[in-house]
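The values are calculated or read from the model by the stated rules, or taken from the named source; none is laboratory data. Keep in mind that what you see is a predicted model, and the values were worked out from it rather than measured. Accessible surface is based on the protein model in full, side chains and every heavy atom, while ligands, DNA and RNA are left aside. Shrake-Rupley method; radii C 1.70, N 1.55, O 1.52, S 1.80 Å.
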Amino acid sequence: MQLTSFTDYGLRALIYLAALPEGQQTNITEVTNTYGVSRNHMVKIINQLSRAGYIAATRGKNGGLRLGMPASQIVIGDVVRKMEPLQLVDCASCSITPACRLEKALHDAVQRFLQELDSYTLADLVEGNTPLYEIILSEPPVAINTQ
C-alpha cells in the first residue's frame, strides 16, 4: 500500500511542527522549503490538517502555524484516516463482485495497517529524535512540542 503524496506531506508537515520548540510558530514557506513540495500543494494540505484540528493557523503579522493539539494526542492512524481515501479497489463495475473475496481481503489488510499506525502518536515520531531536530532547527531544542 502506498499513501498519496497528500497524506505523506501532511504527516511530514505535522512532524515539522512537532519538532519546533515549545511556543514557536512557522509558516508554509518554511515547511515547503524543507520538503521541496509546491506551496500550492502544501496550502491544501495545511488547510485540511487545520480543519481536522491538527494544526492551528493564525493569520496576520504575528500569525503562523503550530500544532493544534499536543503531539502525544495526534494518533498517526487517525491522521491517515482523515487524509487518505483508503479505497484500494473499485468493485462496483466488476462482473465477479458477487463471488469475489478480494475486496474483503484488502479491507482486512487496510484495517490491520491502520491498527498498527494507531499504536504511534506524533510524539513517538519526534520525541528524542536529535537528528530530526538538527535537520529542522539546525540544533536540538531545549523543549519540544510533544505534550
Extreme residue, modelled with the highest pLDDT, among residues of region 1-53 that are outside any helix (DSSP H, G or I) and open to solvent by less than 30 Å² (accessible area, probe 1.4 Å): G53
Residues (hydroxyl-bearing (S, T, Y) and open to solvent by 60 Å² or more (accessible area, probe 1.4 Å)) located in region 54-86: T58
